[in-house]
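What follows is one structure encoded as structure tokens, with my remarks underneath.
The values are calculated or read from the model by the stated rules, or taken from the named source; none is laboratory data. Remember, predicted model here, so these are calculated numbers, not experimental data. Because the Cβ atoms are built from the backbone with ideal geometry, glycine has one as well, and the counts that use them run over all protein chains shown.
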Amino acid sequence: MLPPAGSSPAESWLAEGRRAAAMDMLHRLSSLSVADPIYVLAAESEDSQILSSMGGIPLEKPKASFNFGRELARWVEEGGFQRIAYFGGASAPLMTIESLQEVFDLVLDADQPAAVVNNYHSSDWVVLNHAGSIVSLSEKLQSDNSLGWVLDHEVGFNVKSLEPSAESRADIDTPTDLLLLHRHPHLGSNLGSFIARTPKEALERVERLREVLCTPAKALILIGRISSHAWRILESETQIWARVFAEERGMVASGRYERGEVRSLVGAFIDSWGPDAFVRRLTELADGVLWDTRVWMAHHGRWPSNADRFAADLGWEEQIIDSALRELTHAVNQASVPIITGGYGVVSGGIYASIETLKEGGYQPSR
């Protein structure tokens, strides 16, 4: 599945990157004999045409407003499928053909209802048997994030979540998710070419942040839905100091966001001090920051548009309409240290991808 592209410059840029990732994914799946046929549901006609030219079978777009659970259930029911694999179009940009084969084999070898997801608490893709069970869950699946949780708690599937890594956690939901894949050795050809065409200024912050990661005794701040595993990997694979402010893990999958129950201590400090003073304090404590700002947004119960969120992640403050987000973005842009903002991927797949790039990719700082 690929979502609508949007009309703003930031949305359009991200959509092009997502399409490149989907093209790489379709190529990898086509290399597996067990992954056939491959269907494509794309909101944009251009995406559908390009992926169908590569062998994907285009599905008809829903006539009513899109609902993830209902569309997945309708496809399963109409096709009579019992073993399926669902992937967001840009949900596995670093999964190799070998890793995909291992995931499919786990499900093919299972006798009981079983599923493999990339992340139990925030699923971006799933491979499962007994797919008919999906039909009864359509109203409980407002997005793919809750796939692992719902399959386990509602119908008793044996749900296996892959060990955290760049392969299992990298997912392109935001511009920063894409930028943090820069130079990773497992990038597909299409996505690698797209990132290589990115204006250099868009990658400057990523390069500065990686220089922090590979410089002993530097300090990094992590804010948001970071897991203990990501923190451990960061400490075991680098020689830097880390300050971690972790809160609201699972806020989407558990329904806390939908029910308006998200509460952020970081958000409260920003409310009290103001964004300029808060960011200034961050720069006094560390040489770089990775910040999942969606917790701050959910804390306020006001979710900015895709155009605003993506522009903020890219630092394009002049394109942001939401005044609070524009003010925060301005403070981030003026910071004396690199501050990378985005969604969950910034403190998940982005961390793993950056560390693996440093470790496996023969990374050398650009300066």
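Name the residues in segment 255-268 that are surrounded by 15 or more Cβ atoms within 10 Å (Cβ to Cβ) and among the hydrophobic types (A, V, I, L, M, F, W, C), would you? Listed by number, the residues that qualify are 262, 266. Within segment 34-50, being touching a strand residue (DSSP E or B) at 6+ places or on another chain (Cβ under 6 Å) and either under 15 Å from residue 5 (Cα atoms) or of a type in the set (Asp, Glu) (or both) holds for 42, 47, 48. Among the residues of segment 175-219, the one identified as of a type in the set (S, T, N, Q) and within 20 Å of residue 239 (Cβ to Cβ) is 215. Between 144, 171, 152, the distinction of being under 25 Å from residue 109 (Cα atoms), buried (at least 20 other Cβ atoms within 10 Å of the Cβ) and acidic (Asp, Glu) belongs to 144 only. Give segment 286-305 a look and list any residue that's surrounded by fewer than 19 Cβ atoms within 10 Å (Cβ to Cβ) and not small (Gly, Ala, Ser), or say none. Passing the criteria: 300, 302, 303.
Being buried (at least 17 other Cβ atoms within 10 Å of the Cβ), aliphatic (A, V, I, L, M) and closer than 19 Å to residue 157 by Cα is a property that holds for residue 114. Within segment 45-99, being assigned to a loop (DSSP other than H, G, I, E, B), crowded, with 20+ Cβ neighbours inside 10 Å and not hydroxyl-bearing (Ser, Thr, Tyr) holds for 56, 88, 89, 90, 92, 93, 94, 95.
Residue check: is residue 335 part of a loop (DSSP other than H, G, I, E, B) and either at negative phi or in contact (Cβ under 8 Å) with a residue 40 or more places away in the chain (or both)? Yes. Beta carbons closer than 6 Å, at least 6 apart along the sequence or on distinct chains, pair a first residue in segment 272-283 that is closer than 18 Å to residue 297 by Cβ with a second that is part of a loop (DSSP other than H, G, I, E, B) and at pLDDT 95 or above for 279/335. Of the residues making up segment 68-87, none is within 24 Å of residue 293 (Cα to Cα) and outside the structural domain of residue 315 (by TED's automatic domain parsing).
In segment 195-254, the qualifying residues are those that are of a type in the set (A, V, I, L, M) and without any contact (Cβ under 8 Å) to a residue 24 or more places away in the chain, and the one that is surrounded by the fewest Cβ atoms within 10 Å (Cβ to Cβ) is 196.
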